[in-house]
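Participant: Structure provided below as structure tokens; questions to follow.
The values are calculated or read from the model by the stated rules, or taken from the named source; none is laboratory data. All values derive from a computational prediction rather than experimental measurement. Because the Cβ atoms are built from the backbone with ideal geometry, glycine has one as well, and the counts that use them run over all protein chains shown. The protein model used for the area step is the full one, side chains on, heavy atoms only, and it has no ligands, DNA or RNA in it. Shrake-Rupley method; radii C 1.70, N 1.55, O 1.52, S 1.80 Å.
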Amino acid sequence: MMSTLLNSLIPALRSMEICLRDSHHRAVESAKGKYAHMLFNELFEDYSNALRPVEDTDKVLNVTLQITLSQIKDMDERNQILTAYLWIRQSWYDAYLKWDKDKYDGLDSIRIPSNLVWRPDIVLYNKADDDFSEPVNTNVVLRYDGKITWDAPAITKSSCVVDVSYFPFDSQQCNLTFGSWTYNGNQVDIINSLDSGDLSDFVEDVEWEIHGMPAVKNVITYGCCSEPYPDVTFTLILKRKSSFYIFNLLLPCILISFLAPLGFYLPADSGEKVSLGVTVLLALTVFQLMVAEIMPPSENVPLIGKYYIATMTMITASTALTIIIMNVHHCGSEAKPVPQWARVVILDYMSKIFFVYDVGENCTSPQREKEQEHKLEGDDVCPGGDKEVRSQLSNRNDDSDLKEKLNGNLNKSCGVHGEDGRENVNCCSCYKMLIKNIEYIANCVRDHKANRAKGIEWKKVAKVMDRFFMWIFFIMVFFMSVLIIGKAA
């Protein structure tokens, strides 16, 4: 019975204990709130936030500055403006805002609006924003010993000298210079809280890597004033993440530039050699305009811009050479013969180096032509000296020798032999007419083959030149691509 009664009383006792604790906390809080109101009224009864809070006007007031970089919101290379989200912490001692915490029930700190106390006029010297509004009026933490800590967030736009010489593999250094606008170093001195900016709460950026934020204190004497003016400069060291630009600007340009030398490999009769070069040139012009829209209009040409210009120059030269080679290819019978030096250098040596064979050699080989001639020699259509005449016609190297041999054969065939003399005379006249016709046809065929051989030689010269420039431009594109990728490393 007794145990059951005790078990029923335990929850009631616990609830009573909780109620007593809550009432005690409320009493303590109400007591602290009462002392806080009393302290606030006593501190700010005769306080003025217009003057420096020092007992001796010749004494320097030290302000400790700490900058925490939270995020890089934007880097405008064209306008050279860095937009960053910062947490600015300033702390100093106010000689008129002290109290004995034992008199106020151990109250050691209070939080009050920042506009009620004196604040140092520390501003960003290289600010590039049109908005000159007041700092954010966040609360300050006031301690019993007079130390005031003011934490204020700020979105700053600062001027930054952007060097795009190695874009998109560039690194930038942007300065954030903080200092007092009106107080000189004999009145307000700025002290670095840390040797660098705080990056512990930095949000990773998609385009930039942070490699450090060192802080340096400078004391500068301006021409207008003899007093020194201290400032703290935070140097933000940025490294661009180049993957986006490699896959969207650089890699397409490299692939397109490798198409330019292939224009030399196209057959001259296809009619697309010049069109390919012009198309590639227009494509690179579009990429060049995209880069120009991003970069500032400065004298420093970015690395990728230099690559575009070099590639466009190379493609322009390849297109001009293609036009010249096409004119060489279409040299016909009216053209002069191939010079001897070109015959030796291009047709004999360079054609073997670049594996260029005679035009049409695979279709009609010299061996096949010899077989056709032997087949014609084996056919016996006319009696007597006809076979010998035909064999002599096959040799077209010496015209005078051919004519003498044909006349000798004709005299043998046209001899007078008794009753058949009249028939032989008729046969001789037929042979003379036949010889004249054969000579005319042979001369026409000989001239046609000479002109055709001349055109074939010029076509081979053009083909060898195509292969030569194709490899030259391939090597140039390869080395330019290796050079720009080497800059990234």
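Participant: Taking into account only those residues within region 81-133 that are more than 18 Å from T233 (Cα to Cα) and among the polar types (S, T, N, Q), which is surrounded by the most Cβ atoms within 10 Å (Cβ to Cβ)?
Facilitator: Across region 81-133, the extreme among qualifying residues is S114.
Participant: Can I ask one more? Taking only region 310-322 into account, find how many residues are surrounded by 13 or more Cβ atoms within 10 Å (Cβ to Cβ), out of contact with any Ser or Thr (no Cβ under 6 Å at 6 or more places or on another chain) and more than 17 Å from F169 (Cβ to Cβ).
Facilitator: Result for region 310-322: 9.
Participant: Considering only residues that are at negative phi and not in a helix (DSSP H, G or I), look in region 248-288 and name the one that is most open to solvent (accessible area, probe 1.4 Å).
Facilitator: Per the criteria, the residue is Y265.
Listed here are the residues, each with its yes/no results for (1) charged (D, E, K, R); (2) modelled with pLDDT of 85 or more; (3) over 30 Å from T57 (Cα atoms).
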{"site": "N192", "(1), (2), (3)": "no, yes, no"}
{"site": "E207", "(1), (2), (3)": "yes, yes, yes"}
{"site": "G212", "(1), (2), (3)": "no, yes, yes"}
{"site": "Y229", "(1), (2), (3)": "no, yes, no"}
{"site": "V232", "(1), (2), (3)": "no, yes, no"}
{"site": "K239", "(1), (2), (3)": "yes, yes, yes"}
{"site": "F247", "(1), (2), (3)": "no, yes, yes"}
{"site": "P252", "(1), (2), (3)": "no, yes, yes"}
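Participant: Something else about it: Applying the selection to region 95-127, what residues are more than 26 Å from T156 (Cβ to Cβ) and charged (D, E, K, R)?
Facilitator: Of everything in region 95-127, those that are more than 26 Å from T156 (Cβ to Cβ) and charged (D, E, K, R) turn out to be K98, D100, K101, D102, K103, D105, D108.
Participant: What tally of residues in region 174-227 results from selecting those that are surrounded by fewer than 15 Cβ atoms within 10 Å (Cβ to Cβ), under 42 Å from the mean Cα position of the chain (by Cα), in a loop (DSSP other than H, G, I, E, B) and charged (D, E, K, R)?
Facilitator: Counting residues in region 174-227 that are surrounded by fewer than 15 Cβ atoms within 10 Å (Cβ to Cβ), under 42 Å from the mean Cα position of the chain (by Cα), in a loop (DSSP other than H, G, I, E, B) and charged (D, E, K, R) gives 3.
Participant: Which residues, counting only those in region 306-351, are charged (D, E, K, R) and closer than 23 Å to L250 by Cβ?
Facilitator: The one that is charged (D, E, K, R) and closer than 23 Å to L250 by Cβ: K306.
Participant: How many residues does region 257-296 contain that are in contact with a Ser or Thr (Cβ under 8 Å, 6 or more places away or on another chain) and within 27 Å of V356 (Cα to Cα)?
Facilitator: Selection size over region 257-296: 10.
Participant: Something else now. What single numbered condition from (1) touching a Cys at 6+ places or on another chain (Cβ under 8 Å); (2) loosely packed, with under 15 Cβ neighbours inside 10 Å fails to hold for I155?
Facilitator: (1)
Participant: Being in contact with a Phe, Trp or Tyr (Cβ under 9 Å, 6 or more places away or on another chain) and not hydrophobic (A, V, I, L, M, F, W, C): is that true of D151 here?
Facilitator: Yes: the conditions hold for D151.
Participant: If you don't mind, there's one more thing I want to ask. Taking L236 as the residue in question, decide whether it is open to solvent by 50 Å² or more (accessible area, probe 1.4 Å) and either over 19 Å from T64 (Cβ atoms) or not in a helix (DSSP H, G or I) (or both).
Facilitator: So L236 fails the test.
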